[in-house]
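The values are calculated or read from the model by the stated rules, or taken from the named source; none is laboratory data. Here the structure is a predicted model, which means the values were calculated and not measured. A quick note on method: Cβ atoms are made from the backbone with ideal geometry, for glycine too, and the neighbour counts reach across all protein chains shown. For the accessible areas, the whole protein counts, side chains as well, though only heavy atoms, and no ligand, DNA or RNA atoms are used. Shrake-Rupley method; radii C 1.70, N 1.55, O 1.52, S 1.80 Å.
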Amino acid sequence: EPEVTQTPSHQVTQMGQEVILRCVPISNHLYFYWYRQILGQKVEFLVSFYNNEISEKSEIFDDQFSVERPDGSNFTLKIRSTKLEDSAMYFCASSAAGNTIYFGEGSWLTVV
Amino acid sequence: QKEVEQDPGPLSVPEGAIVSLNCTYSNSAFQYFMWYRQYSRKGPELLMYTYSSGNKEDGRFTAQVDKSSKYISLFIRDSQPSDSATYLCAMGASGNTGKLIFGQGTTLQVKP
């Protein structure tokens, strides 16, 4: 069964450092997303991406965040200067038609 | 009032019981509804997707949507210990941006 794959599964970084989280969406999907889940809290929407541009972004997705689809298979989330409050599980997701959304296993980011 | 409300539980049932999980929402713009299962420190796994009011069945799972009452349910028949997980409701408005609003999640334990 096709799946969304994410790397790394866990990353520890120092505050102020740049982090790039990588994702390979399901191959025939056209819509890509990042969500995050702070420990013990709800899953929160960050950004959606379609046709090489951001479709929608949340208030969380400020200038410190960026997304990119550098080639035909990868989708990345960059955090330019990490803060302690960025510690969370980051989920990449994709969908074929925008509604039925499949999630990856997540990248656990710890900022120290 | 929160956009999506879900009782966090925990809910503990004996093996074989019928489980009922519920969410309420306040935003009339929500048009599509999903149920995800999430094991600890893993990504949400899509269980059910529904677009209209009424029932949708898939194996032991039945999703029910009542848009007039802004209330959705997931029923699990013949529950198994392997069903023990956190169940997340999620919903989105029309427009296909893929922005889902999640409930807090209900933790379910099925005891052998």
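What is the residue count in the range A:28-54 for residues that are within 13 Å of A:SER94 (Cβ to Cβ) and open to solvent by 40 Å² or more (accessible area, probe 1.4 Å)?
So the count comes out to 3.
How many residues does the range B:1-30 contain that are over 14 Å from B:THR107 (Cα atoms) and of a type in the set (Ser, Thr, Tyr)?
4
Pick from the range B:22-35 the residues that are under 20 Å from B:THR97 (Cα atoms) and without any contact (Cβ under 8 Å) to a residue 60 or more places away in the chain: which of them is farthest from the other protein chains (Cβ to nearest Cβ)?
Here the residue is B:SER28.
Answer yes if at least one residue in the range B:43-61 is part of a loop (DSSP other than H, G, I, E, B) and among the polar types (S, T, N, Q), and no otherwise.
Yes: one or more hits.
Identify all residues within the range B:77-112 that are away from every other protein chain (no Cβ under 14 Å) and farther than 17 Å from B:GLY43 by Cα; write none if there are none.
Hits for the range B:77-112 are B:ARG77, B:ASP78, B:SER79, B:GLN80, B:PRO81, B:GLN109, B:VAL110, B:LYS111, B:PRO112.
Looking only at the range A:70-101, which residues are at the interface with chain B (Cβ under 10 Å from one of its Cβ atoms) and either out of contact with any strand residue (DSSP E or B) (no Cβ under 6 Å at 6 or more places or on another chain) or of a type in the set (D, E, K, R) (or both)?
Residue satisfying the conditions is A:ALA97 alone.
For the range A:1-96, please list each of the strands (runs of 3 or more DSSP E) lying entirely inside it that holds at least 1 residues being farther than 23 Å from B:ALA90 by Cβ.
Strands (runs of 3 or more DSSP E) meeting the threshold: A:5-7, A:10-13, A:19-24, A:53-57, A:65-68, A:75-79.
Do you know which of the residues in the range B:74-89 that are open to solvent by less than 10 Å² (accessible area, probe 1.4 Å) and in contact (Cβ under 8 Å) with a residue 60 or more places away in the chain is farthest from A:GLN41 (Cα to Cα)?
B:SER79
Within the range B:40-73, work out how many residues are open to solvent by 30 Å² or more (accessible area, probe 1.4 Å) and facing chain A (nearest Cβ under 10 Å).
Number of matching residues: 6.
Could you grab me the full set of residues in the range B:1-25 that are open to solvent by less than 50 Å² (accessible area, probe 1.4 Å), in a loop (DSSP other than H, G, I, E, B) and more than 23 Å from A:TYR33 (Cβ to Cβ)?
Passing the criteria: B:GLY9, B:GLY16, B:ALA17.
Which residues, taken from the range B:67-103, are over 13 Å from the mean Cα position of the chain (by Cα) and assigned to a strand (DSSP E or B)?
Correct list: B:GLY92, B:ALA93.
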